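Just so it is clear, none of the values below were taken in a lab; they were calculated from the coordinates. For clarity, every value in this text was computed on a predicted model and none was experimentally measured. Note that we place each Cβ from the backbone using ideal geometry, even for glycine, and neighbour counts take in every protein chain shown.
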Amino acid sequence: MEGACSCGNITFDWQPVLPLATPRACQCDYCQRQQAAYVSETQTGFSVYIRRRDSHRIVTHGTGSAQFHECTSCDMLVFVSSLIDGKCYGVINTRCLKADGIGVDYFDTAVAVSFAGEQLSIRLARRKKNWCKPVTVIHSE
Ligand SMILES: [Zn+2]
Ligand SMILES: [Zn+2]
């Protein structure tokens with residue numbers, strides 16, 4: 001399964017084994033502003049290809065334990081990564097998935113989730129259990 005930000009600067013390739021899980025729409029201010037909803041599948045990794053390094057911005061929030069990867073050319077959040085025990089875990093913003101092969105209905109099924117107040121150790125354990133791994137980022141310049 002492929003995806004990209006709307007200008008194509010950041011693309012990714014992901015091969016989930018199971019039918020896609022329900023997208024999770026985080027209710028924090030940042031994710032709501034991005035209208036982001038996330039999907040992942042444990043035991044699968046994804047590769048990210050970044051064409052223009054200067055249009056790739058990484059932002060962090062709160063505990064700083066996750067990196068939010070944005071394309072600044074088209075202002076889209078593409079994926080989130082988290083380094084845990086030396087391994088890179090990640091989730092994909094469903095807004096960047098190509099709709100063909102999923103069905104547009106998929107995007108309407110997002111469920112609201114909130115992780116506010118969650119302890120860092122619990123947060124990291126949850127990511128280890130649910131997020132994709134490994135996430136590989138490849139720069140083409
Ligand atoms: Zn872009
Ligand atoms: Zn959020």
Whole-number percent relative contact order across the chain, with pairs defined as alpha carbons under 8 Å at least 6 apart: 33
Cβ-derived FRET efficiency at R0 35 Å, residue 129 paired with residue 2, nearest 0.05: 0.85
Dipole magnitude of segment 1-133 about its Cα centre (Cβ charges: Lys, Arg +1; Asp, Glu -1), debye to nearest 20: 420
Net charge of Cβ neighbours under 14 Å - reference residue 65; Lys, Arg +1; Asp, Glu -1: +3
Modelled FRET efficiency - R0 25 Å, residue 85 with residue 32, Cβ distances, 0.05 increments: 0.25
No Cys partner within the rule (Cβ under 4.7 Å), the chain: 28, 88, 96, 132
Ranked list, fewest to most other Cβ atoms within 10 Å of each Cβ, for 18, 124, 77, 83: 18, 83, 124, 77
Candidates per chymotrypsin sites (Phe, Trp or Tyr not before Pro) in segment 53-102, loop by DSSP, up to 15 other Cβ within 10 Å: none
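In whole Å, what three semi-axes, largest first, describe the equivalent ellipsoid of the chain built from its Cα gyration tensor (square root of 5 times each eigenvalue)? Could you put the intermediate results ahead of the total?
Numbers: eigenvalues 82, 65, 50 Å².
Its equivalent ellipsoid spans semi-axes of 20, 18, 16 Å.
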Part-to-part distance (alpha-carbon centres) for segment 28-82 and segment 104-141, which is given in Å: 10
Long-range HN-HN contacts of residue 88 with modeled amide H, under 5 Å: 135
